[in-house]
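Asks: Below is one structure. I have some questions about it.
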Amino acid sequence: MNHLAHFFLSGDDEDLAIGNFVADFITNKELPQFTEGVQRGIILHREIDAFTDAHPIVKQSTKRLHPFHHKYSPVIVDIYYDFLLAKNWQNYSLTDPSVWNDSLRDFTNKMYRILTDRHIELPERLKTRLPRMIADDWLMKYTTYKGLHGAFLRIEKAAAFPGNFGNAAKHLEQFLEAFDAEFNQFFPELQKHVASKV
């Protein structure tokens, strides 16, 4: 799962949201630097990733991409799933009291406000990245094919090996029905798993 899904799964708990955001950018040694609430969010992020990576439905999604994207298929599926959460936003937002009244735009703005208000708690590299993230509206960019394509091209520049990222958005469009069905099977199970951990 990528940023949008991790924020969504934080519910209305700001500490969980901050922890979910910083988790990929810190080491275990750095964990004690954060408040207990943010540590819970970091641990939750790792639980979400472990559950996702091991899930047979997610593996099915990844397998479909493997002939095109090889080792980067799981990375691409994570980003697809943010797109699919946005696509199905109304269905999932209606199941969660913390976002009942939020459109996707309302929700992303709320996340940007939380990150801005609490930027002092972020690791240094995220503090410098945050203004660009907000200015470029990363959370909404992953909700369109054009935005996905641009994001995949950025990832390609940083990738150690060729991953055919330039065609990743096209493959989502090509296999949208299958990916959408898999996401909608998987995500409610992930929500139940998260509810058992918080």
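Read-outs: derived from the displayed coordinates by stated rules, not from any lab. All of these numbers come straight from a predicted model, not from anything done at the bench. Glycine also receives a Cβ, built like all others from the backbone with ideal geometry; neighbour counts cover every protein chain displayed.
Asks: Over 27 Å between Cα atoms: which of Lys29/Lys141; Lys29/Lys127; Lys127/Lys170; Lys157/Lys192 fall into that group? Don't skip to the end; give the middle numbers.
Replies: On the way: Lys29/Lys141 33 Å; Lys29/Lys127 19 Å; Lys127/Lys170 33 Å; Lys157/Lys192 36 Å.
Over 27 Å apart, Cα to Cα: Lys29/Lys141; Lys127/Lys170; Lys157/Lys192.
Asks: Hey, another quick one. At R0 = 35 Å, how high is the FRET efficiency between Asp13 and Ala159 if r is their beta carbon distance? Nearest 0.05 is fine. If you can, show how the numbers build up before the last one.
Replies: Details: r = 33 Å, r/R0 = 0.95.
The calculated FRET efficiency here is 0.55.
Asks: Also, I was wondering about something else. Would you mind ranking Ser196, Ser61 by Cβ crowding within 10 Å, fewest neighbours first? Could the numbers behind the result be given before it?
Replies: Working: Ser196 8, Ser61 24.
In increasing order of surrounding Cβ atoms, one gets Ser196, Ser61.
Asks: Provide the FRET efficiency to the nearest 0.05 for the Lys71-Thr116 pair, computing r from the beta carbons and using R0 = 45 Å.
Replies: On the way: r = 35 Å, r/R0 = 0.78.
It comes to 0.80.
Asks: Using alpha carbons only, how many degrees (0 to 90, rounded to 10) separate the axis of helix 104-117 from the longest principal axis of the chain?
Replies: 40
Asks: A further question on this structure: Suppose R0 equals 22 Å; then what is the FRET efficiency for Glu189 and Arg125 from their Cβ-Cβ distance, rounded to the nearest 0.05?
Replies: Numbers: r = 33 Å, r/R0 = 1.49.
Between Glu189 and Arg125 the formula returns 0.10.
Asks: Let me ask you something else. Using θ = phi - 60° and the Karplus relation 6.51 cos²θ - 1.76 cosθ + 1.60, list the HN-Hα couplings for region 179-185 in order, rounded to whole Hz, with x at every Gly or Pro.
Replies: Once θ is set to phi - 60°, the couplings for region 179-185 become 5, 5, 4, 5, 4, 6, 7 Hz.
Asks: Follow-up question, since we're still on this one. Determine the dipole magnitude for the chain: charges of +1 sit on the beta-carbon of Lys and Arg, -1 on that of Asp and Glu, nothing else is charged, the reference point is the Cα centre, and the result goes in debye to the nearest 20.
Replies: Numbers: 23 positive and 26 negative charges, 134 e Å.
Dipole magnitude for the chain comes out near 640 debye.
Asks: Place +1 on the Cβ of every Lys and Arg and -1 on the Cβ of every Asp and Glu in region 3-197, take the dipole about the Cα centre, and give the residue among Ser93, Leu4, Ser103 whose Cα lies farthest towards its positive end.
Replies: Leu4
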